[in-house]
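> Sending over a structure as structure tokens; questions will come in a sec.
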Amino acid sequence: MATHPPVLFEEMAPAALKRVRVLLPLPVGDGYDYALPQGVTATPGQFVRVPLGPREVIGVIWPDTPDETVPDTKLRPVTDVFDAPPLSSDVMAFVDWVAGYTLFSRGVVLRMVMRSGQALASVKPQTGYRLASGAPPPEKMTPQRAAVLAAAPTADAPPLTARALADTAGVSDGVVRGLIKSGALTHLDIDPDPPFLPPDPTRAGRALSPEQQAAAHFLKDLVKTGSYSTTLIDGVTGSGKTEVYLEAIATALEVDPTAQVCMLLPEIGLTLPFLKRIEDRFGAPAAHWHSDVSDKGRRRVWKRVADGSARLVVGARSALFLPYKNLQLIVVDEEHEGAYKQHDGVLYQARDMAVARGALSGFPVILASATPSLETLANVEEGRYGIVHLPSRFGPARLPDTDIVDLRATPPERGEWLSPPVIQAVNDRLERREQSLLYLNRRGYAPVTLCRKCGERMTAPKSDTWLVEHKYSGRLVCHHTGYSIPKPKYCPHCGAEDSLTPCGPGVERVAEEAAARWPQARVEIFSSDTMLGAGAAKSLLKRMTEGEIDILVATQAAAKGHNFPNLTLVAAVDADLGLAGGDLRAAERTFQTLSQVAGRAGRAEKPGLVMLQSYQPDHPVIQSLAAQDRDGFAAAELEGRAGLGFPPYGRLAALILSGDNEARLNETARMLAETVPQAPGLEIWGPAPAPLYRLRGTYRIRFLVKTERGISIQQVLKAWLTEVKMPSSVRTTVDIDPYSFT
Ligand code: ADP
């Protein structure tokens, strides 16, 4: 194109400005317009520094059309344009889409993308040293100097700092300094955020079974077509789902040498063996992204994802919001996991957002699970998602048998929690030197603490939450607010001495019972309270794998992903727990968790047994678990949901009002109730106090909105919320597709 309109514009008025819309990572509407100073060029996606009130903030030039009606004089100029790679149009389209779907502002969604904002700051490189090529040996040679020269990197090896070099050679810094001075070592800059080693997709994976091969083949073909699709790998635990999707990942990396792949895991803290497996497969570690990664580590990942050199990212749900340059495949492992739902800040479901990301950018998405969510199964049934099956465990491993223990017929002794059949089964395991896992998804010693004298139930201050006794730490702890106190000697209500009594079991109490019953056995607890940090978890997993533990008492922290070859018994202490949750997914979640736990048994050659202690042995969830009839369970649950118009056959959203001023809150709820929209296919329940009405002094009231699938629930909510003027003391939060009903 020969003409260039801005030139004309500039000639007319030397101070003429070009205006751009800048989205800021703040909850402030849709961004602001700024002027680009003359001579400065910038394109959408570029990071810029702009004034906002008295301060300066970093934002992104957004591809929105600026408002041309605002006079030039009103526009403040962009202060700085960063030369970092711009956000790709795909990432920006994704931010827009997520904001539109979740009803959070685009600014707060962008904030998730810019979480490692310091990645934009220039970081001073460190000085590193290498052997100077061709330099003659130093005149004065000492054993210390020889040690440094032997330790110094040569030619293309990454340089080391003087300190690292001294440490490696076991000498003082002075020796290294002397060699630098003599010219034997040359200096060069060390990149503070070095690129990741590229994964090698051409390395051979494991030899696949015919069943695995067929699944891998199907997925690889999809990856090669390079267009949008979502496919479920539906395979029992231990069937090799991971092996299969690693093949798809290899193909994506191979067909396009610039392609990036994002692999999501529900919880990344306990996945070191998994990361090792990826490294073995591709000959290079993946870039990791999760909350335990240091600021420096995050900066490196963010930068290298943005410049496209980090090609394989393994992370928790927030890895979806990294600034990918060329994302071409997303794999969501354990797609049914509730952990994919974000409960703070922007409330999003990462699995669903992953599918949206694939659809927006036109690439395949792979979901994997042994117990797929009902949403996903319905999507498969209706033809929106494809499916590949891996119906059997790899190699000699077989799925365990499942027995129901009817607690009404064979109850535990008074004050105990293990029934005679389970005790017998553990005895057998101890005799055969095999391992048992006692599963109870309850942290601490006892879920409720009551005063025997006055009946007072211990709760957190200004909250409706129970305090849970933790013997391990000697404290009563609130699992919602984190509040804790040493267990009091006197009842705070009636003053009675030593009257506070634990009610019900937690893992610590079951472990106490096991240790008393089997004093010769090695009993350990696997729970987030007793293992502080990934190191403790890793060492416990190692002891379990190596057979140094006989009985593991565990919460669901142990339910996932681990292979314990000598574990042949899994007993659910309270299989009914969670069935009565009163929320939409209670039965589904119980089924999934118990199947996952059951999947830990008999992973190797030895057959496994699963025992479900239940007071409701006829409950459909317990029955289908015993019959290993996942499809029967799913069909029955889906039918129930279809009848009620619940997801996946209808849409749900929660509107939560919260605030410290109870009267004002109730008044607002009443006003909203008066303006409840009416339409066919729309139902709104509430206002009702949230199950945890009072938390840390804040009151919460909720409405639940249900619509038929064809109705935009977002439009309904937006229209309704504009009807009522919200007082500033009342906060409204919209949760589209809510998972938590507390
Ligand atoms: P899933 O992801 O379905 O639970 P994995 O991929 O973790 O299953 O496989 C379970 C176990 O079987 C792992 O230890 C894995 O290394 C092994 N395995 C699966 N497929 C193969 C294969 N084709 N060759 C060798 N080992 C395999």
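Each value in this text was obtained by applying a stated rule to the coordinates, not by laboratory testing. Everything numeric here is computed off the predicted structure, so don't read it as measured data. With ideal geometry, Cβ positions are generated from the backbone for all residues, glycine too; neighbour counts draw on all protein chains shown.
> Give 303/341; 241/276; 453/489; 471/538; 74/725; 276/542 a once-over and call out the pairs whose C-alpha atoms are over 18 Å from each other.
303/341; 471/538; 74/725
> With each run of n ≥ 4 DSSP H residues scored as -39500 (n - 2.57), what mean residue ellipticity at 222 nm is computed for the chain after dividing by its residue count and rounding to the nearest 500 deg cm²/dmol? Could the numbers behind the result be given before it?
Details: 20 runs with 227 residues, N = 742.
Taken over the chain, the calculation gives -9500 deg cm²/dmol.
> To the nearest 20 Debye, how big is the dipole of the chain about its Cα centre, given +1 on the beta carbon of each Lys and Arg and -1 on that of each Asp and Glu?
So the dipole magnitude of the chain works out to roughly 1760 debye.
> If one computes the Cα centroid of segment 406-429 and of segment 585-661, what distance in Å separates the two points?
24 Å
> Let me ask something additional. Set the Förster distance to 51 Å, then compute FRET efficiency between residue 662 and residue 275 from the Cβ-Cβ distance, nearest 0.05.
Efficiency, from the Cβ-Cβ distance: 0.60.
> Spin-label point model (7 Å from Cα, Cβ direction): what's the residue 206 to residue 516 distance in nm?
Here the answer is 4.3 nm between the modelled labels.
> Kindly put 139, 683 in sequence by how many other C-beta atoms sit within 10 Å of each C-beta, fewest to most.
139, 683
> Taking 0.36 nm per intervening residue step and subtracting the Cα-Cα distance, what contour gain separates residue 294 from residue 644 on full extension?
Length gained, residue 294 through residue 644: 121.4 nm.
> Estimate the FRET efficiency between residue 428 and residue 454 by the formula 1/(1 + (r/R0)^6), using the beta-carbon distance for r and 41 Å for R0, to the nearest 0.05.
Using R0 = 41 Å, I get an efficiency of 0.35.
> Another one. When the Cα centres of segment 436-456 and segment 128-161 are compared, how far apart do they sit, in Å?
For segment 436-456 versus segment 128-161, the Cα centre distance is 63 Å.
> Using the 4.7 Å Cβ rule, please list in number order the cysteines from the chain without any candidate partner.
262, 478, 503
> Of all trypsin sites (Lys or Arg not before Pro) in segment 643-738, which ones are in loop regions per DSSP and have a Cβ with at most 12 other Cβ atoms within 10 Å?
Of the trypsin sites (Lys or Arg not before Pro), the ones in loops of segment 643-738 whose Cβ has at most 12 other Cβ atoms within 10 Å are 709, 725.
> Can I ask one more? If I model a spin label at residue 473 and residue 740 as a point 7 Å from the Cα along the Cα→Cβ vector, what separation in nanometres do I get?
With each label point 7 Å from Cα toward Cβ, the separation is 1.8 nm.
> Please state the relative contact order of the chain as a whole percent: Cα pairs under 8 Å, 6+ residues apart?
Relative contact order comes out at 10 percent.
> Compute the separation of the alpha-carbon centres of segment 181-218 and segment 684-708 and state it in Å as a whole number.
Taking the Cα centre of each part, segment 181-218 and segment 684-708 sit 49 Å apart.
> Got a sec? How would 317, 443, 432 order by Cβ neighbour count within 10 Å, fewest to most?
Going from sparsest to densest Cβ surroundings: 432, 443, 317.
> Right, something else. Need the full-extension length gain, residue 389 to residue 696, defined as separation in residues times 0.36 nm minus the C-alpha distance. One decimal, nm.
105.8 nm
> In segment 87-175, which trypsin sites (Lys or Arg not before Pro) fall in coil by DSSP and have 11 or fewer other Cβ atoms within 10 Å?
For trypsin sites (Lys or Arg not before Pro) across segment 87-175 that sit outside H, G, I, E and B with at most 11 neighbouring Cβ atoms in 10 Å, the list reads 140.
> Another question, if that's okay. How would you classify the chain from its alpha-carbon gyration tensor, with a ≥ b ≥ c the square roots of the eigenvalues: rounded for a/c under 1.5, else prolate if a/b is greater than b/c, otherwise oblate?
It is oblate, given that a/c is not under 1.5 and a/b is not larger than b/c.
> Follow-up. Given a Förster distance of 25 angstrom, what is the FRET efficiency for residue 52 paired with residue 715, based on the Cβ-Cβ distance and rounded to 0.05?
0.25
> Okay, moving on. Which residue, chosen from 43, 93, 113, occupies the Cα position most advanced towards the positive end of the dipole of segment 9-114, where the dipole is computed from +1 (Lys, Arg) and -1 (Asp, Glu) charges on Cβ about the Cα centre?
My answer, from the dipole projection, is 113.
> Need the full-extension length gain, residue 729 to residue 339, defined as separation in residues times 0.36 nm minus the C-alpha distance. One decimal, nm. Don't jump to the answer; show the numbers that get you there.
Values: separation 390, 0.36 × 390 = 140.40 nm, distance 3.06 nm.
Gain on extension, residue 729 to residue 339, equals 137.3 nm.
> If I model a spin label at residue 401 and residue 673 as a point 7 Å from the Cα along the Cα→Cβ vector, what separation in nanometres do I get?
Between residue 401 and residue 673, the label points sit 5.6 nm apart.
> Among 597, 40, which comes first, then next, by fewest other beta-carbon atoms within 10 Å?
The most exposed by this proxy come first: 40, 597.
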